Amino acid sequence: MSLREAIDKEIDRLNTYLHKSYKAKVRWSKTGSWEKAIQAEIGSAIALGRLDLVSNLMERRQRIMIMVAQAEQEEYEVHS
């Protein structure tokens, strides 16, 4: 196996890993673990030095938390 082939093989393995990681974050988001997905994305954004993305994700987290709290309050009032 040439060095170029070995590099290509490792990059393919990396791509597989990244794809699984992406799918896991999407699954978390869809199954109620959206905070876990946001935390993972914040970690990636910090590692890249993208504070603008961190800010955006924090704002999204806050909006979702507010909406979830409102929905829980409405449900509580309906069942009270």
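Restricting attention to the chain, lysine pairs at least eight places apart or on different chains and with alpha-carbon atoms under 18 angstrom apart total 5.
Assuming a ≥ b ≥ c are the square roots of the Cα gyration tensor eigenvalues, decide whether the chain counts as rounded (a/c under 1.5), prolate (otherwise, with a/b larger than b/c) or oblate. The shape class here is oblate. Length gained on full extension, L3 to I66: 17.4 nm, using 0.36 nm per residue less the C-alpha separation. Against the main long axis of the alpha-carbon atoms of the chain, helix 3-30 sits at an angle near 10°.
The accessible surface of the chain, taken with every protein chain in place and a 1.4 Å probe, is 57 percent carbon and sulfur. Would region 34-80 count as rounded, prolate or oblate if I go by the C-alpha gyration tensor, calling it rounded below 1.5 in a/c and otherwise prolate when a/b exceeds b/c, oblate otherwise? In terms of gyration-tensor shape, prolate.
State the Cα centre-to-centre distance between region 7-31 and region 54-70 in whole Å. If you average the Cα positions of each part, the centres end up 25 Å apart.
The values are calculated or read from the model by the stated rules, or taken from the named source; none is laboratory data. Fair warning: this is a prediction, and the values are worked out from it, not measured in the lab. Surface areas here come from the heavy atoms of the whole protein model, side chains and all, with no ligands, DNA or RNA. Shrake-Rupley method; radii C 1.70, N 1.55, O 1.52, S 1.80 Å.
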